[in-house]
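J.: I have a structure here, written as C-alpha cells, and I will follow up with some questions on it.
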Amino acid sequence: MKYAVLCLLALALPAQAGSKVIATGGASSIEGAAGGGIVPWAVINGYASSDQWSVIAFNNNVGVDDFSLHTYGMAASYNNQWELSYTRQQFDLDTLGGELQQDVIGLKYHIAGELLYSQLPQLSAGIQYKKHRNFALPSAVGAHDDDDIDYYLAASKVYFAAVAGRNLLLNATVRASRANQIGLLGFGSHNDNSYQYLVETSAAVMLTPQLALGVEFRQKPNQLAFADEQHWRDIFAAWFINKNFSLVGGYVDLGRIAGFAEQQGYYLALEATW
C-alpha cells in the first residue's frame, strides 16, 4: 500500500524544479540519510540547489531468512547544504515472533567540496538520534540504553569516465556508534558502553545518467555478549526514473543477527521527490 501511494505521488507531481543533476541526491538509506541502501553518503538528498528546498518521502524494505525490516519516513533539504530526515523502522522477528521499532532523526551538513565540480570530494558531517520504542527485549539481552546518537563524516566524489567510459562514484564514511544492529537491539552493553569507530564504503558505476550499479560495505560493532554482530554488505541497482521518482533494488548479506547465521535476502526502496 505504501509503495502504491508513493507511485501515485510521483506520477502526480510536476517536473522537479531543482537544478541539481539527476541522481546526485542519491537514495534514502534505511536510516533516512541520503546515500545508498545501508551507508550514508556526503550527498544531500533531493535536487535543491542554491536557495532551493526539496522534500522526499520514502519506503524501504529488507527481507532476509529470519527477519524483515520496514522503514518509511520523510526528509527535507535546503540549499544543497542542509538535510533533515525522520525515519520509523519496524524490525519483524519472523522466526522468533514479535517486532521491534525505532525512530531515527537525522541531520546532515555539507561542509566543503562538490560531488561533481571540484577536485576536493564533497564532505558532509551528520548525526542520527535514535530512540528505541519497545526496549524490553534489547534490555533483556544486555543492551545498556534505549536511545543514543551516531556521529559520522562522509566523503563522496564522482570520477568522470573512470570505468569503461562510465562515471564512477566512490564514498567513504567514518561512523562513531554504540548501536547494536543499528540500534534495533539497543545501544552499548553493560560490559562495553564505549563508542566504536566504524568504516563504511560504497562504489557505484553510472551505466547511464539514470541507472547505477553499485556495492556497499558497512562495518558493525560487536558489543552484545549473547550474539555476534557481523559486517553488512550489499549489491544494488538504482534507477532514477526522473527527478520525482527513483527505485532501488538489491541483494543484502547481513551476516549473523541475534544468533541466526547467514541472514541474506533482498533490499527494495522507493522514493518520491518534490
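The values are calculated or read from the model by the stated rules, or taken from the named source; none is laboratory data. If you're wondering where the values come from, they're calculated on a predicted model, not measured in any experiment. Because the Cβ atoms are built from the backbone with ideal geometry, glycine has one as well, and the counts that use them run over all protein chains shown. Ligands, DNA and RNA are excluded from the accessible area calculation, which covers all protein heavy atoms including side chains. Shrake-Rupley method; radii C 1.70, N 1.55, O 1.52, S 1.80 Å.
J.: Please report the spacing between the Cα centers of region 104-138 and region 66-96 in Å, no decimals.
T.: Their Cα centres are 13 Å away from one another.
J.: Right, another one. In Å², and per residue, what accessible area does the chain have when probed at 1.4 Å with the other protein chains present?
T.: Accessible area per residue: 42 Å².
J.: Next question. With only alpha-carbon atoms counted, please give the Rg and Dmax of region 187-273, in Å.
T.: 16.3, 49
J.: Continuing with the same structure: Of 39, 205, 163, which is the most mobile in a GNM of the chain whose springs link Cα atoms less than 10 angstrom apart?
T.: For the chain, modelled as a Gaussian network with Cα springs under 10 Å, the answer is 163.
J.: Sticking with the crude label model, points 7 Å out along Cα→Cβ, report the distance from residue 65 to residue 151 in nm, one decimal please.
T.: 3.8
J.: Which listed residue (136, 152, 198) has the Cα farthest towards the positive end of the charge dipole for the chain, taking +1 on Lys and Arg C-beta and -1 on Asp and Glu C-beta about the Cα centre?
T.: Checked the options; the winner is 152.
J.: If you take the beta carbon distance between residue 50 and residue 90 as r and set R0 to 45 Å, what does 1/(1 + (r/R0)^6) give as a FRET efficiency, to the nearest 0.05?
T.: 0.75
J.: Apply the Karplus parameterisation 6.51 cos²θ - 1.76 cosθ + 1.60, with θ equal to phi minus 60°, to every residue of region 196-202 and state each ³J(HN,Hα) to the nearest whole Hz, in sequence, with x for glycine and proline.
T.: In residue order, the calculated couplings are 10, 9, 10, 10, 10, 9, 8 Hz.
J.: Right, next: Who wins for biggest fluctuation among 97, 32, 73 in a Gaussian network model of the chain, springs between alpha carbons below 10 Å?
T.: 97
J.: Moving on. I'd like the carbon and sulfur percentage of the solvent accessible area for the chain, probe radius 1.4 Å, heavy atoms only, ligands and nucleic acids excluded.
T.: Roughly 62 percent, rounded to a whole number.
J.: Also, I was wondering about something else. Taking loop as defined by DSSP and a crowding limit of 10 other beta carbons within 10 Å, which chymotrypsin sites (Phe, Trp or Tyr not before Pro) in region 103-208 fit?
T.: 117
J.: How high is the FRET efficiency between residue 74 and residue 228 when r is their beta carbon distance and R₀ equals 30 Å, given to the nearest 0.05?
T.: Efficiency for this residue pair is about 0.30.
J.: Over the chain, with a Gaussian network built from C-alpha contacts below 10 Å, which listed residue (95, 71, 87) shows the highest mean-square fluctuation?
T.: Highest fluctuation of the listed residues: 95.
J.: Can I ask one more? Report, to the nearest 10°, how far helix 2-12 tilts away from the longest principal axis of the Cα atoms in the chain, using its own Cα long axis and a range of 0 to 90°.
T.: On a 0 to 90 degree scale, this one is about 10.
J.: Let me ask another. Please quote Rg/Rh for region 122-274 to two decimal places, taking the Kirkwood radius as Rh and restricting both calculations to Cα atoms.
T.: 1.02
J.: What list of ³J(HN,Hα) couplings, whole Hz, do you get for region 22-38 from phi and the Karplus terms 6.51, -1.76, 1.60, once you set θ to phi - 60° and write x for glycine and proline?
T.: Karplus values, whole Hz, x for Gly and Pro: 4, 6, 6, x, x, 10, 8, 6, 5, 9, x, 6, 5, x, x, x, 10.
J.: Given N residues in the chain, what is its alpha carbon radius of gyration divided by 2.2 N^0.38 Å?
T.: That ratio works out to 0.96.
J.: Oh, and also: Quick one: how many lysine pairs in the chain have C-alpha atoms under 19 angstrom apart, if they're 8 or more apart or on different chains?
T.: 8
J.: Explain nothing, just compute: Karplus ³J(HN,Hα) = 6.51 cos²θ - 1.76 cosθ + 1.60, θ = phi - 60°, for every residue of region 97-112 in order, whole Hz, x for Gly and Pro.
T.: Result, ordered by residue: x, x, 8, 10, 10, 8, 9, 10, 10, x, 9, 10, 10, 7, 7, 6 Hz.
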